[in-house]
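Structure first, then comments.
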Amino acid sequence: MLFQNLTIENATEPVDIRVSDGTFAAIAPKLEPQSGEEVMDCTGKMALPPFVESHVHLDTCMTAGIPRWNMSGTLFEGIQCWEEYKPRLTKQDVRDRVSRAIRMQAANGIQYVRTHVDINDPKLTALETILELREEVRDFMDIQIVAFPQYGILSYPKGAELLEEALKMGADAAGAIPHFEFTREYSVDSLNICFRLAQKYGKLIDIHCDEIDDEASRGLETVATRAYETGMRDMVTASHTTAMHSYNNAYVIRLMRILRMSGMNFVANPCVNIHLGGRTDTYPKRRSLTRVKELTAEGINVSFGSDDIFDPWNPLGNANMRDVVFMGLYAGHMLGYDEIMNSCKFVTTNAARTLHLGDAYGIREGNDANFVILDAPNYYDALNNNAAVLRSYRRGKLIASTKPMEKTVLF
Ligand code: FE2
């Protein structure tokens, strides 16, 4: 199949893309159609590698309002709502909800997902179910699973054993939540356990790190130091790091050195961070977004995630990475022309680095033909006009499509 006149990412000139046998066979201007080849004119449209959701909790998705709504909008009432939901948690319930969320993601052009799954559950019900789904949807979606100890590794009964069991069952990454552990000592020890187990089983690491407005929450320096000293480097990701918003600048200048040296990745969750953050403030209220602009300027890899899809922590989550980028740019003071134009990297190439997708990700000859076509000539317009993801291809096969909305003005 030949796609004509597609602008790849923000290239200045459109090209043609030939897909055959599920791969990008040729990418060049003005390719001659072969006899019998299907041709699609894509003038005025852009192509991107598929969107990458680098931080979401699929196990809690689609539970907003059940059994009740989070009326205060705080993290803690969200946790209470989830506690009240948990008695309904069965494999069938998880399967139904997660299957729906995966299809919402696919409809929005997502083909790679890193989901955190709460493993502070002696039965590991959600983990077992999502491990099954990971295999079932492999032809349409790559799902990475982080074994996420929601209540801590050392502050929850048998937390370390559950984490090890989850990794043995097939989770792709080890998680931790140092800011939620009972003490500073537990915080550091929990990170040591997380790193030891990840190394033992050859897994990635993704830490819920300092997701709190406490300027004294300093899990990040320990994560970065372990990433550096163990040599795990870019296998390690710090998610949220919202406390960094509140750190004093003198400390951040010192911290930046080890962050650079560590080679680790960061994930911010702009919509949920700004929704849940600043809740203990009167006025001014903090935005609670980590320092995306400054980290990016230091050459550190940062991606954006949704965190939650229609659950007690994000009642408006809709599995659309566009909204996440939109909020991230506003809240992060990143609305310069180039910043807007290049912001797709937060949910494409940067997120792919976080997930360790390697050279197999991207629109390049020889790669699997995984890509999306947006109804806009460049990402600036795509973002500004909320352009539809017209088509999503996986190994050359159409897996989702959207018809652009038609608006009529009668004057
Ligand atoms: Fe999260």
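The values are calculated or read from the model by the stated rules, or taken from the named source; none is laboratory data. Owing to the predicted nature of the structure, the values given are computational and were not obtained by experimental measurement. Every residue, glycine among them, receives a Cβ derived from its backbone with ideal geometry; neighbour counts consider all protein chains shown.
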Review point. Which of the residues belonging to the range 2-23 are assigned to a strand (DSSP E or B), touching a strand residue (DSSP E or B) at 6+ places or on another chain (Cβ under 7 Å) and not acidic (D, E)?
Key: L2, F3, Q4, N5, L6, T7, I8, V15, I17, R18, V19, T23
Review point. Does any residue of the range 66-89 turn out to be away from the ligand (no atom under 16 Å from the Cβ) and hydroxyl-bearing (S, T, Y)?
Key: yes
Check your understanding: Could you say whether any residue in the range 186-205 is closer than 30 Å to S401 by Cα and assigned by TED's automatic domain parsing to the domain that holds P122?
Key -> no
Practice item. Go through the residues of the range 166-174 one by one and say whether even a single one is in contact with a Gly (Cβ under 8 Å, 6 or more places away or on another chain) and more than 16 Å from the ligand (Cβ to nearest atom). Key: no
Study note, to complete from the structure: Of (1) in contact with a helix residue (DSSP H, G or I) (Cβ under 6 Å, 6 or more places away or on another chain); (2) in a strand (DSSP E or B), A26 satisfies every one except (1)
Check your understanding: Taking into account only those residues within the range 113-129 that are crowded, with 23+ Cβ neighbours inside 10 Å and of a type in the set (A, V, I, L, M, F, W, C), which is nearest to the ligand (Cβ to nearest atom)?
Key -> V117
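Each row is one residue, and each column tells you yes or no for (1) assigned to a helix (DSSP H, G or I); (2) surrounded by fewer than 13 Cβ atoms within 10 Å (Cβ to Cβ).
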{"position": "A352", "(1), (2)": "yes, no"}
{"position": "D359", "(1), (2)": "yes, yes"}
{"position": "R364", "(1), (2)": "no, no"}
{"position": "P377", "(1), (2)": "no, no"}
{"position": "A400", "(1), (2)": "no, no"}
{"position": "M405", "(1), (2)": "no, yes"}
{"position": "F411", "(1), (2)": "no, yes"}
Practice item. Answer yes or no as to whether I110 is buried (at least 24 other Cβ atoms within 10 Å of the Cβ) and either of a type in the set (A, V, I, L, M) or touching a Leu at 6+ places or on another chain (Cβ under 9 Å) (or both). Key: yes
